[in-house]
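Values in this text are rule-based calculations from the coordinates and carry no lab data. These numbers come from a predicted model, not from an experiment. We place every Cβ from the backbone using ideal geometry, glycine too, and count neighbours over all the protein chains shown.
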Amino acid sequence: MVAYIIRRVIVGLLMLVAMSFIVFALFMKNPVDPAQFSCGKNCPPERIEETRQALGYDQPLLVQWGAFAKGVVVGREYPADEAMREANPELVTECAAPCLGYSQQLQMTVNDEIAEAAPVSISIALVAVTIWVVFGVLFGVLAAVFKGTLVDRGVVGATLSLYAFPTFFVGALLINFVAIKWGIFPAPGYVTIAEGGVGEWLLQLMLPGFTLAAVYMAGYVRMTRAFVLESMSEDYIRTAKSKGLKGGKVLFKHALRAALTPLVTMFGLDVAAVLGGAIITEDVFNYYGLGKLAVTANETYDLPTIVGLVLLLGALVIIANIVVDVLYAFIDPRVRVA
Amino acid sequence: MSESATVFEGEELSGGSTPSASPEEAKKIAGKSPMKLAWMRLRKDKLSMVSLTVVILVVLAAVLAPFLVRMGVLDPFSYNQDLLDANTIPEGRFSGASAAHPLGVEPGTGRDALSRFWYGITFSLIIALTAAILSVVIGAIIGIISGFSGGWVDAGLSRFTDLTLSFPSTMMLLALSALGLELIQMVTGLPNGPLAQGIYCTVVLAIFGWTSTARVVRGQVLSIKQREFVEAAIVLGASKSRIYFKEILPNLWAPLLVLVTLMMPAYISAEAALSYLQVGVKPPTPTLGNVLTDSLKYAQVDPFYFFMPAIIIATIVISFNLLGDGLRDALDPKGDR
């Protein structure tokens, strides 16, 4: 087991290294000048040169990547150019480990940007995950139990329809009708727990949470339905039934337990993905989370922010992959051998 | 389709999951080609037939649209500001629907709404279909090589697949847009227009979309390469290319067809998302995503115009999804469901 975990972690680390290198090569080593990008749309030539030095874009790719990797592990200082740091010591910015970069446009480290935006994304993710897991599994079990009936078709059909409408349309629909026109919910705007208490915070997260959950719900309903049906046809279910166990007990104690195990994999990866920011949901509702940060950074060509965000999200997914694999190996010992 | 593959499919099908079929019926079935058998099963499924009809209609509409535009029947670009009131909102109910404009006109410009939606289907479908085919080709090549070679090649390619899956795809689609578009213009010499933007959407969707195909194909190849007919071909001294293309590939058409059908709705939604994020094909070229994005502004003042494009997209997405599910069941009768 320990060997398995170590092997998974090493593979994960290698993938992180590979990913960071690919991202660097993609964004820094291509025909488009990264310094001009990072400097913004209307940037005078001397500012471009300054940006190039400040962010270290004048260095070879490997040196840049090495400096970035070192920054992630032990932290670094900006501007990247040593002569520049010595000339203006008052402008030096400390970027503590794990340093993900420095945004020349916002004049702050990418870490600080992320620290500001992350609570919003995490809040939305919490609400969305709760909605889609509770209702996804509940509806999935319902559909499986009433297989072939109107309930089954209704549940599967409704969640598929919800999935078929683009996220930004669902968001706009909720904002314009549920919130503004009918006034069922207050006009969307993120409120921190410190500002409005838990109740207000939760209330303001319901609409974006539902919008984000709508994307995932259909998948969870389908998977739960399929897994429950599969496990209901297993021999041990027949055994449980024939020894006289009640239907409910068979379903919850035997079938559901086995059926939910494969969902762990899906769940882990999806959570990692939404923790890193729901780009469209946050943009529609105008909540300044990591997704909205990415949209803004892209509009202003803020390259360091984009690179930092992509790597953070990639790392989240890779870590989630490891956690899921290890968890799975605990649950199902057959995995370890393979 | 090669003989051995047909035998294999026929064997699988005749021994399939219809224990109630009489011996006569089984005999009749055994004489039909696998495609015919799948078609027979698909025809029995009402939901699949309805969705197939919708899909055919949508594809027909998409193919016809450019001709109708050239003939002047559809006019997605002319402004009709005389049909708008002082606030540039269409006069009359249902976005000012009339005989000349069956679905009314677009707020702000007065362009014919039906023409915009209809022509938009064409652009969205071209992007989705090209991206789906590209993804499947990349995925199939990687999957076949991976499944056949085994060992280090397989391990490497599988890790590469995992790595691609770990990239935050929406963020990459967004972040790569400026660079990608510039690169495409440099490589192809195209101006920054709908074509270059469309190529960007297609390529970038395929780059992050081939992984599912690679995994499915690898799994299939792993099981197919142990079947008797492949062993027989090897023993008979068949060349590698014969085994790849004549023995294995025919058995992959069914899963690949299902994959393309299920990728279409995902890519139609993705195109809409790209348009919403301003990194897709830019207006005034109508795509379903562009039309829908534009309609968001008028949710309150012109609800009909707000709902129409969303309903069109949802209908197309649901139809392709249901058809994909139906095809999977029809082509693989031993599947879980």
(request) List every residue whose amide H lies under 5 Å from the amide H of residue A:75, counting only residues 5 or more places away in sequence or on a different chain, with H placed 1.01 Å from N in the peptide plane. (result) A:97, A:99
(request) Please report how far the C-alpha centroid of the stretch A:250-295 lies from that of the stretch B:58-122, rounded to the nearest whole angstrom. (result) 39 Å
(message) Run lengths n ≥ 4 of DSSP H only: what is the helix-derived mean residue ellipticity at 222 nm for the protein assembly as shown, with -39500 (n - 2.57) per run over all residues, to the nearest 500?
(response) -23000 deg cm²/dmol
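Students often check this: by mean Cβ neighbours within 10 Å, which of B:224-231, A:203-210 ranks highest, and how do the rest follow? Could the numbers behind the result be given before it?
Details: B:224-231: 15.2, A:203-210: 22.2.
Listed from highest to lowest mean packing, they are A:203-210, B:224-231.
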(message) Using a Förster radius of 22 Å, what is the FRET efficiency between residue B:87 and residue A:181 based on their Cβ-Cβ separation? Nearest 0.05, please.
(response) 0.80
(request) Report, ordered by chain and residue number, the lysines lying within cross-link reach of residue B:32, taken as a straight Cα distance under 17 Å and ignoring same-chain residues fewer than 8 apart. (result) B:44
(request) Using only Cα atoms, tell me the angle between helix B:46-71 and the longest principal axis of chain B; keep it within 0 to 90° and round to the nearest 10. (result) 50 degrees
(request) Could you let me know the centre-to-centre spacing of the stretch B:136-182 and the stretch B:249-265, using Cα atoms, in angstrom? (result) 18 Å
(message) Inside 10 Å of the C-beta atoms of B:174-181, what's the mean count of C-beta atoms belonging to other chains?
(response) 6
